[in-house]
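Data block below; observations after.
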Amino acid sequence: MKECPKIHLLQEALYGETSDADLARLHAHLEVCQACRDEWESQRQLVQRLVERPERTPNPQVLRLLRQSVLGRLQHRAPRASGQIFSFLNPSPALQLGFVVLLVAFGFILGRQGTSLPASSSGLNDLDALITASRAVQAQNSFIDPYLAGVERISYNPESGQIDIHYNTISDIALRGSLQDASIRLLLQKTLIETQNSAVRMDAIKAVHQIAEQEQSLDSDLLGTLGRLLFEESNPGVRLLILRVLKTLPLSEAVREMLTRIVLQEKNTALRIEAFDILTRDAQNNPETNQLLQAAQADSSSYISFRSKQLLQANTI
Amino acid sequence: MEKDLNEFIHRARNGDHQAFAVLMQRHEKLIYRILENMVGNPVDTQDVFQETFLRVFRRLDSFRFQSQFSTWVVRTAINTAIDFRRQKKWRRFFRLDDNENPYDPADVALTSAELPDHQAEQNEFWRLVNREVAKLPAQQNAAFVLRHYEGYKIREIADILQVSDGTVKNALFRAAQKLKKQLTPGFASSHRIR
Ligand SMILES: [Zn+2]
């Protein structure tokens, strides 16, 4: 189909600034050209309709996490002269570099040495700095730069209810706190986002699992991070562990959505089955799950397709 | 506003990450919205979003204060998204990435605000629109999003994409042609429902 040579008149009138003379010419052409008239009408309709489009507002929590993550990555990649790391030990050049050595407490107790850090008078701002920026944490005679050191291991002691976050510094340094501690939670979240080491990610998820089990809920930040990881993570073991965390939570809208996506799109059968079982634990007499069950009947896993049919039958009776 | 922004730009250039955080905060919503409509699914959007700001930071030195900073950031975002789309195409070509569908409607529900039930059908229509918009060729896609979703003027879009006004108008025209073809059934019926 050949295009009308006057099509540029339409383009101008629809998306440019047209003079009255141009408009007159366009209308004269529209009188005689059916093809352009149709195109003109339909494009105008489309453009008008687009005005009604509901605005999609980015989730502020997601944005905050992304910002933290970008700042963390900047820190990693910031070019450093050799030996500069050790300049933390000397406060004045450190200050010049924009690094502030600070004492952080927040109920953290220094791990191996067993000495507690002096309580800081500053509040959450410092913690935010620890999590987002480049500040080093002084611990006895050593320092932790959270971005240079990175988390090596996370351990939870069920008896004391304490959690230790070990950094891979030269001497063993750990931050210790309880799972209820908001700052510990932030550090767990940060570790989940940043660490390259899947064993450490597993540790962090296990700790989050403890929180979920104790409180039967997770704050939306942590849940959001788990959700992202569930889809981005390449290690299936880590993903299975995330599903186990979701299993301990009530089936909120957000949890339901994550699980549904796994059931409908995931290639790994074990993960699909796990998600399916969680989603359908209250399937009986719950018409909400019927739609999912309909779709899951066609699942390549005979377990899922069989269970779907079974539950659907039970629901229709 | 632009003036005190300059202050933050200078500080960020000198390695002040907190100043850069402020710059990010000023632009993140806009950038996220644009990328969401170019990249499609939220997981990739978030990756491209991060990559965009990492590039912005690394290239701060090349910002000459001759255009608006936000124009420059938007341009970086669009170029990053275009690079991403290109890579994705190659990955799919070599089957390194077997996700055939560049835009999954189910993803939308994860990030956009919930709509009441009676709007479900409308919602469905807009999901379809979003999906088709993300499938447009890169330049048409970018022009379309900037014009119709973000309300930029033709000249501003030309400046961002570094093409002529005529190219932008043509891209918008072609985009609309494709879209209405893809959307015709839904477009006609849900238009009548109102
Ligand atoms: Zn014509």
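The values are calculated or read from the model by the stated rules, or taken from the named source; none is laboratory data. Keep in mind that this is a model prediction, so the values were computed, not measured. Note that we place each Cβ from the backbone using ideal geometry, even for glycine, and neighbour counts take in every protein chain shown. Surface accessibility is based on the protein's heavy atoms, side chains included, excluding ligands, DNA and RNA. Shrake-Rupley method; radii C 1.70, N 1.55, O 1.52, S 1.80 Å.
If you average the sequence gap of Cα pairs under 8 Å that are 6 or more apart and divide by the length of the stretch A:186-257, what percent do you get for the contact order?
RCO, the stretch A:186-257: 36 percent.
Excluding residues fewer than 8 places away in the same chain, name every one of the lysines whose C-alpha is closer than 26 Å to that of residue A:309.
A:247, A:267
I need the calculated FRET efficiency for the pair residue A:305 and residue B:71, taking r as the beta carbon distance and R₀ as 51 Å, to the nearest 0.05.
FRET efficiency, residue A:305 to residue B:71: 0.45.
Choose one of B:30, B:76, B:5: the residue whose Cα lies farthest towards the positive end of the charge dipole of the stretch B:1-98 (beta-carbon charges +1 Lys, Arg; -1 Asp, Glu; about the Cα centre).
The residue sitting farthest along the positive end of the dipole is B:76.
Take the alpha carbon gyration tensor of the stretch A:7-46, find the square roots of its eigenvalues, order them as a ≥ b ≥ c, and report rounded if a/c is under 1.5; if not, report prolate when a/b exceeds b/c, else oblate.
oblate
Of A:20, A:282, A:181, which has the most accessible area and how do the rest follow, probe 1.4 Å?
A:20, A:282, A:181
State, to one decimal in nm, how far the label point of residue A:51 lies from the label point of residue A:4, with both points 7 Å from Cα in the Cβ direction.
2.4
In the neighborhood of residue B:162, defined by Cβ-to-Cβ distances under 13 Å, what is the net charge if each Lys or Arg adds +1 and each Asp or Glu adds -1?
With Lys, Arg at +1 and Asp, Glu at -1, the net is -1.
Exactly which chymotrypsin sites (Phe, Trp or Tyr not before Pro) in the stretch B:1-90 are in a DSSP loop and have at most 12 other Cβ atoms within 10 Å? Walk me through the numbers on the way to the answer.
On the way: sites: B:8, B:20, B:32, B:49, B:53, B:57, B:63, B:65, B:69, B:72, B:84, B:90; in loops: B:63, B:65.
Counting only loop positions with at most 12 other Cβ atoms within 10 Å, the chymotrypsin sites (Phe, Trp or Tyr not before Pro) in the stretch B:1-90 are B:65.
If the cut-off is a Cα-Cα distance under 27 Å, which lysines reach residue B:153, setting aside same-chain residues fewer than 8 apart in sequence?
By straight Cα distance, residue B:153 reaches A:6, B:3, B:29, B:135, B:169, B:178, B:180, B:181.
For a protection proxy built on the mean count of beta-carbon atoms within 10 angstrom, sort A:48-55, A:61-68 highest first, please.
Ranked by mean Cβ neighbours within 10 Å, highest first: A:61-68, A:48-55.
When N is the residue count of the stretch B:1-89, what does its C-alpha Rg come to as a fraction of 2.2 N^0.38 Å?
Numbers: Rg = 13.0 Å, N = 89, 2.2 N^0.38 = 12.1 Å.
Normalised by 2.2 N^0.38 Å, the Cα Rg of the stretch B:1-89 equals 1.07.
Sequence gap at least 6, Cα distance under 8 Å: using those rules, report the relative contact order of the stretch B:1-98 to the nearest whole percent. List each step's numbers first, then the result.
Working: 61 pairs, mean separation 25.7, N = 98.
It comes to 26 percent, rounded to a whole number.
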